[in-house]
1. Assigning unit charges at the beta carbon (Lys, Arg +1; Asp, Glu -1) and nothing else, what dipole magnitude in debye, to the nearest 20, does the chain show about its Cα centre?
2. If you take the Cα atoms of region 22-84, find Rg, then find the Kirkwood Rh from the mean of 1/r over all pairs, what is Rg/Rh?
3. With an 8 Å cut-off on Cα pairs and a minimum separation of 6 or more residues, tell me the relative contact order of region 22-84 in percent.
4. Using Cβ counts within 10 Å as a stand-in for footprinting exposure, how do TRP213, TRP186 rank, fewest first?
5. Roughly how many debye, to the nearest 20, is the charge dipole of region 22-84 about its Cα centre, given +1 on each Lys and Arg Cβ, -1 on each Asp and Glu Cβ, and no other charges?
6. Helix 143-154 versus the longest principal axis of the chain: what is the Cα-based angle in degrees, 0 to 90, to the nearest 10?
7. Length gain on complete extension for the stretch SER35 to ASP191, per 0.36 nm per residue less the alpha carbon to alpha carbon distance?
8. Using the basic label-point model (7 angstrom from Cα toward the beta carbon), what is the LYS75 to GLN145 distance in nanometres?
Amino acid sequence: MYYQFMNKAFVFDMDGTLGETVPLAIEAVKAAYRSLNLPVPSDGDIVSHFGPTEKGLFQMMDEKNCGMLYAEYLKAYAALHGVYAPKPFSGIEDVLKKISSAGIRLGIVTGKSRDSAKITLDKFGLGGYFSEVACGGPTGSVKTQRILGLAKKWELSADNIYYVGDSPQDVLDSRKAGAHPLSAAWSKIADKKALEACSPEMVFDTVDAFGKWLDDFIK
């Protein structure tokens, strides 16, 4: 079975897919502004700038102070991780073990910066499962390019990659790359109807449901 799946790969998003880290990111952004005695943006304003890496987000929101804000953000992100996102979603590590044990490649394509992605993988203890971690761009989503980049590096057709993400944009980006879009609707802030409207190949309400689907996939 191990060799049967060596030409397959599962690539995961991070925020809202591996763990409930979106609230953490929002609070860390606000903490960065507070630490510099700057007006604190609303949750809605922060979320409206999601897409690029956090450094790109600060570049758009406050170009003058973006470097200092990003440095403070990383401090707050690490410090608050245990409060807002102490663990990955229940069952995620079991799913990763199942995929890895079948000889299927594992990677990450995230909009996060490499700095914050490393913090989360270290805090969750999941870094060892992924052979590749591809991070975001400074001006917007680059997930299509990153998925294609992993396909090239792994010498795989994108059609052999399954991308697991929690947002409608994840569905669009992975489909554009030629990968199979699988939607994770297990986050408390996931919008299942919006995901379904994009017609991914599957929508999973729970990590357990995804795990059961994997059992059939790996048979």
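1. Values: 25 positive and 27 negative charges, 93 e Å.
It comes to approximately 440 debye.
2. Using Cα coordinates only, the ratio equals 0.92.
3. Over region 22-84, the number comes to 45 percent.
4. Exposure proxy ranking, most exposed first: TRP213, TRP186.
5. Numbers: 5 positive and 7 negative charges, 31 e Å.
In debye, rounded to 20, region 22-84 gives about 140.
6. 50
7. Length gained, SER35 through ASP191: 52.9 nm.
8. Between LYS75 and GLN145, the simple spin-label model gives 3.2 nm.
Values quoted throughout were computed directly from the atomic coordinates according to the rules given, and no laboratory measurement underlies them. Please read these numbers as outputs of a predicted model, since none were measured by experiment. In this analysis, Cβ positions are derived from the backbone assuming ideal geometry, glycine residues included, and neighbour counts consider all displayed protein chains.
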